[in-house]
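Q: I'd like to ask some things about the structure below.
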Amino acid sequence: MRFAPQTPLPPGTANCEEIPGMLRLSLPDRKAILLSGAAGLLLTLSFPVYSVGPLAWAALLPLLFVVQSAQPATCFKLGWFAGLVQGLTLLYWIVFVVNHYGNLPFVASVAVCFLLVAYLALYPGFFCAGLSWLRTRGLPWLLATPFLWVALEHTRGWLFSGFPWENLGYSQHRFLSLIQLADLTGVAGISFLLVAVNALLFQGLATFMERRKILASIVPVALAAAIILGQYGYGRWRLGTLETSSSASIKVSLIQGNISQETKWEPAFQQATLERYLRLTREAVERDHPQLVVWPETATPFYFLGEGELSRVLILELQSLQTPLLFGSPAVRRQGDRLRFYNRAYLLDDRGRLGGYYDKRHLVPFGEYVPLQSVLFFVHRLVEATGDFAAGDRPAVMNLGAARPGILICYEAIFPELSRDLVQHGANLLVNITNDAWFGRTSAPYQHLSMALLRTVELRVPMVRCANTGISALIDPSGRILQETGLFEEGSLTGSLPVGSGWVAVGCLFVSGIAFLIPLIHRRK
């Protein structure tokens, strides 16, 4: 199975149309391309909005069949193609965001999406090439499969500021019993077992196809089943221990204003936006008597404490309601001759006094800032929506008596280390405020939620997630969504939540490194 411009096809192999200057593909190569594309589609179907999570347990089988017989260079191309198919079908919403809010032409928006996906596709390309490289040197490449996959996921999560969007383990977010293992291993451990099961199923199928030995093929399949049952059994047991535990609780109201992104920053709508949030808050307080009210990211379309009259109206209303409020607002600070802008969250106590604030630490590249501005100086002119925010430098854990909320703004919730940092600083409630209006009615809001809820399982800390246009949700420490809103709905929801590890990915990096060093050391000797 190879790309060969001039190599004659073996007898009995169908010829394909010859195009001058182009590579000629034999029939087996076409099958390999189809297998790679199928793997990409199966992976996409495992995530929202399709959420066919069971597919992830076998989605990598087509790629493993390719790796079994192809050389590393060919495997890299086929793995990259699988990643390209998955990326374009999973992250298509980037075209909408860049076109609709960045004001780029549709063709240019598609190009931006393609460039990002082409980069992300390098990781499955390296995965396939690495396995093939191990196989050609007689090393146990199937044994290395889960280690290499998780090591690459971990690398993708921090390299170039990181983009750990829908790592494989998130595909199981709807199956509570299967995600409880995350309290020991993080989401990386779930990815590890998913890939291990894929490898075992492949070994069983390949053994049966090559040798027709039923017993030899059943053993790895039985081991795969044992892994799934063991993971399920641990989850059932762990859920039982959580249900019998008791602790203090806090009643929280989430306010979903459903403010249109097109009018959000128009000066004429500032007063109307604030009035909508205050009206929904009054209704929630009078009806449910919460101990904390949460508004979403940049809920106030003005600089709080910088816009005197609007800030005064908000503070006076809180004093009459006598309920703490946590909300998002843009902020500005002068440093010498330069103004620094921040994506900030404020906490006001029941008397309207400032209880603390948090500046977003992990900004969205090309959305809230432009990396490498000396090189990419033209981006601001191309994408009007690109901001110029400064990053915060510390976590923020607020004090509300028994509850100590730690704040995550927008897609900070998809980075496990940020949530872990908050809990290490004493947070016993995670508050994720976001504005997913940018995504429109695409699959992105559902994908965003699927990743955020894993933080509660990893840390056994509940989360309240408040989004401008949805999906807002109350999530308990088991990852169970207690209540949630729909998309583009105005309203509120109130509920009580109890208040009271990342070694797998690093370990996989270490094991993968050893696997690739062994043949190099042997050759040198």
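Every number in this text was worked out from the coordinates using simple rules, so none of it is lab data. Bear in mind the structure is a predicted one, so any value in this text is a computation, not a measurement. Note that we place each Cβ from the backbone using ideal geometry, even for glycine, and neighbour counts take in every protein chain shown.
Q: For Ile228, project a label point 7 Å along Cα to C-beta. Then give me every residue of the stretch 134-156 with its amide nitrogen under 17 Å of that point.
A: From the stretch 134-156, the list is empty.
Q: Modelling each spin label as a point 7 Å along the Cα-to-Cβ direction, I'd like the Thr155/Ser496 distance in nm, to one decimal.
A: Result for the modelled spin labels: 5.0 nm.
Q: Largest first, please: the extent of the C-alpha atoms of the chain along each principal axis, to the nearest Å.
A: Result, largest extent first: 85, 57, 45 Å.
Q: Packing-wise, with mean Cβ within 10 Å as the measure, how do 129-142, 174-187 rank, highest first?
A: 174-187, 129-142
Q: Show me, for the stretch 95-104, the HN-Hα J-couplings you get by feeding each phi into the Karplus relation (A = 6.51, B = -1.76, C = 1.60, θ = phi - 60°), rounded to Hz, glycine and proline as x.
A: 4, 4, 4, 5, 6, 7, 10, x, 6, 8
Q: I've got another one for you. By per-residue mean of other Cβ atoms within 10 Å, what is the highest-first order of 201-212, 318-329?
A: Result, highest mean Cβ count within 10 Å first: 318-329, 201-212.
Q: Looking at the chain, what % of its DSSP beta bridges pair antiparallel, to the nearest 5?
A: DSSP beta bridges in the chain are roughly 65 percent antiparallel.
Q: Over 22 Å, how big is the tail of the calculated P(r) for the stretch 249-499, in percent of all Cα pairs?
A: Every Cα pair in the stretch 249-499 considered, those over 22 Å come to 51 percent.
Q: Between Gln322 and Ala108, with labels modelled 7 Å along Cα→Cβ, what's the label distance in nm to one decimal, could you check?
A: My value for the distance between the label points is 5.6 nm.
Q: So, one more: Long-range amide H contacts for Gly356: which residues qualify at under 5 Å (H placed 1.01 Å from N, peptide plane, sequence gap of 5 or more or a different chain)?
A: Placed amide hydrogens put Leu347 under 5 Å from Gly356.
Q: What nm distance separates the two modelled labels at Glu283 and Tyr119, each placed 7 Å from Cα along Cα→Cβ?
A: Simple spin-label model gives 4.2 nm for this pair.
Q: On to the next question. Could you quote the convex hull projected area for the stretch 177-237, Cα atoms only and averaged over all directions, in nm²?
A: 3.9 nm²
Q: For the stretch 204-212, just list the computed ³J(HN,Hα) in residue order, Karplus coefficients 6.51, -1.76 and 1.60, θ = phi - 60°, integers in Hz, with x standing in for Gly and Pro.
A: x, 5, 5, 4, 5, 5, 8, 10, 6
Q: Run the helix sum for the chain: -39,500 (n - 2.57) per DSSP H stretch of 4+ residues, divided by residue count, reported at 222 nm to the nearest 500 deg cm²/dmol.
A: -15500 deg cm²/dmol
Q: Let me ask something additional. Please give the peptides 423-432, 229-238, 111-120 ranked by average Cβ packing (other Cβ atoms within 10 Å per residue), highest first, as a rough proxy for protection.
A: Those peptides, ordered most packed to least, come out 423-432, 111-120, 229-238.
Q: Determine, at each q value in 0.11, 0.13 (inverse angstroms), the log₁₀ of I(q)/I(0) that the Debye formula gives when each Cα of the stretch 154-255 is one equal point scatterer.
A: At q = 0.11, 0.13 Å⁻¹ the computed log10 ratios are -0.51, -0.66.
Q: How high is the FRET efficiency from Leu184 to Ser69, r the C-beta distance, R0 56 Å, rounded to 0.05?
A: That pair, Leu184 with Ser69, gives E of 0.95.
Q: Can you pull out the GluC sites (Glu not before Pro) in the stretch 249-286 that DSSP calls coil and that have at most 15 other Cβ atoms within 10 Å?
A: Here the GluC sites (Glu not before Pro) that fit, given the DSSP loop and packing criteria, are Glu262.
Q: Let's see if you can work this out: charge +1 on each Lys and Arg Cβ, -1 on each Asp and Glu Cβ, no other charges. What is the dipole magnitude of the chain about its Cα centre, in debye to the nearest 20?
A: For this selection, approximately 1820 debye.
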